[in-house]
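See below for the structure under consideration.
Values quoted throughout were computed directly from the atomic coordinates according to the rules given, and no laboratory measurement underlies them. Every value quoted in this text rests on a predicted model; they were computed, and no experiment measured them. With ideal geometry, Cβ positions are generated from the backbone for all residues, glycine too; neighbour counts draw on all protein chains shown.
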Amino acid sequence: MNPTGCKGRACGICVRVCPEEVLRFGNEVVVGYGITARAAKAAVRRARELGLRVSLLRPRTLWPSPATVLCALARRVRAFVVAELNFGQWSREVERLVGRYAEVLTCAQADGTPLDSDTLLECILKVARAPSAGVTSRRTP
């Protein structure tokens, strides 16, 4: 078992891939759960095609929160983009856990339609192209 608590490629409890697998690809991590994970996966794939170093973290459960994994990643990545279909409730939990180490950008949609990969790609481009001037938290409408 490694220091982050991951038991290998599949963590089993909280995430689909271990933190080391996520870090192979990115300075920014897109966090997507449930149906938003599909849009997040497509947006990450398109961002990589544009030459950006972006990874996807897909928690299996939101509670208990994958705090160990998020905190381990926060010290080694520049920013998190949290994709969700509500008013940003889970994004606030991510911000509470990692906000002092990395930027947290919320890409939330609460109009009853699924979040599409184009909207999420815009959020990824915002955070990837932003100058790294310290840790801030931003919400997008």
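Annotations for the structure displayed:
- Note on region 19-140: semi-axes of the ellipsoid equivalent to its C-alpha gyration tensor, largest first and rounded to whole Å, are 18, 17, 14.
- Sorted ascending by nearby beta carbons within 10 Å, beginning with the fewest, 36, 61, 119 become 61, 119, 36.
- For residue 80, the residues whose amide H sits under 5 Å from its own are 29, 103, 104, 105, ignoring neighbours fewer than 5 places away on the same chain, with H placed 1.01 Å from N.
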